[in-house]
Each structure stands twice: as C-alpha cells, then as structure tokens.
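A short worksheet on the structure shown next.
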Amino acid sequence: MKVKFLENVNISDKVTIFKGETFEAREDGDFIMIRMEDDSTVKAPKSEIKGILEVIEGE
C-alpha cells in the first residue's frame, strides 16, 4: 500500500517524516513497515502513527 503522512512525526526518536511525504508501506501486526527512499525499512508502532497517515493506494 502507499501511505501519505498528514502531520510531521518522529518515529521511535529515530526517523522524522514530514507532512505530505508518501511512502510504500505494509502492515505487520501492531506495526507499519515503511520503506524509506533509500530502500531501508522503518518499523513504526501503529500507536505512534495512528490517525496521522492516509492510505492513498492499496489496502
């Protein structure tokens, strides 16, 4: 799926994602796995990003 962030967010004090950025992502239990532009993957707890991302493509 492709997601768009609706607010700035700092995930687990490691990665900052800015409002309007879009990424490929997939759900994995209580986490969202976000593929960054450098092809690394960030594991974001759903509780940290709940309500601040919008699915714009896929499920």
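For segment 19-48, filtering for residues that are modelled with pLDDT under 95, outside any strand (DSSP E or B) and within 14 Å of V3 (Cα to Cα) leaves 3. Taking only segment 21-42 into account, find how many residues are exposed (fewer than 13 other Cβ atoms within 10 Å of the Cβ) and of a type in the set (D, E, K, R). Counting residues in segment 21-42 that are exposed (fewer than 13 other Cβ atoms within 10 Å of the Cβ) and of a type in the set (D, E, K, R) gives 6.
Within segment 1-20, residues that are in contact (Cβ under 8 Å) with a residue 40 or more places away in the chain and under 15 Å from R35 (Cα atoms) reach partners that are surrounded by fewer than 10 Cβ atoms within 10 Å (Cβ to Cβ) and of a type outside the set (A, V, I, L, M) with beta carbons closer than 8 Å, at six or more positions or on different chains, in the pairs M1/E59; F5/F18.
Just to be sure, is K46 among the charged types (D, E, K, R) and within 11 Å of the chain's Cα centre (by Cα)?
Working: among the charged types (D, E, K, R): yes; within 11 Å of the chain's Cα centre (by Cα): yes.
Here the answer is yes, as K46 does meet what is asked.
Of all the criteria given as (1) on the phi > 0 side of the Ramachandran plot; (2) touching a strand residue (DSSP E or B) at 6+ places or on another chain (Cβ under 9 Å), the one not satisfied by D13 is (2).
The values are calculated or read from the model by the stated rules, or taken from the named source; none is laboratory data. Please read these numbers as outputs of a predicted model, since none were measured by experiment. Neighbour counts run over all protein chains shown; Cβ positions are idealised from the backbone, glycine included.
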